[in-house]
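Peer 1: Here's a structure for you.
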Amino acid sequence: MIGGQKYTSGAEAVLGEWRGAEVGVWDCAPGTYPDTEADEIFVVLAGAATVEFLEPELPAIEIGPGDVVRLEEGMRTVWTVRETLRKVYLS
């Protein structure tokens, strides 16, 4: 799920809740996807992507296995997935 919308190139499995936050696994096929983020922290399990930050304007980041990323509600991003991305998240 990206920005609350399901994409045909991705899949999400909600695993449950922990202290009121949703815990799940998300993966996404290669492609470019704009998003408005939820409040989230995630760990990349597999794949490779670039995340560009449009609002607020911040430097782009490259993410891959083992990376931990914190996103804040309302951030506008563009995800460029080069290798199918899989992450576990807390949102």
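The values are calculated or read from the model by the stated rules, or taken from the named source; none is laboratory data. Everything numeric here is computed off the predicted structure, so don't read it as measured data. Glycine also receives a Cβ, built like all others from the backbone with ideal geometry; neighbour counts cover every protein chain displayed.
Peer 1: All but one of (1) in contact with a Ser or Thr (Cβ under 6 Å, 6 or more places away or on another chain); (2) touching a residue at least 12 places away in the same chain (Cβ under 8 Å) hold for A60; which doesn't?
Peer 2: (2)
Peer 1: Which one is surrounded by the most Cβ atoms within 10 Å (Cβ to Cβ), of the residues in the range 34-50 that are among the aliphatic types (A, V, I, L, M) and assigned to a strand (DSSP E or B)?
Peer 2: Per the criteria, the residue is A49.
Peer 1: Hey, can you tell me all the residues within the range 51-70 that are loosely packed, with under 15 Cβ neighbours inside 10 Å and either of a type in the set (V, I, T) or part of a strand (DSSP E or B) (or both)?
Peer 2: Across the range 51-70, the qualifying residues are L54, E55, L58, P59, A60, I61, E62, V68, V69, R70.
Peer 1: Here are the criteria: (1) at pLDDT below 95; (2) outside any strand (DSSP E or B). Tell me which single one E73 does not satisfy.
Peer 2: (1)
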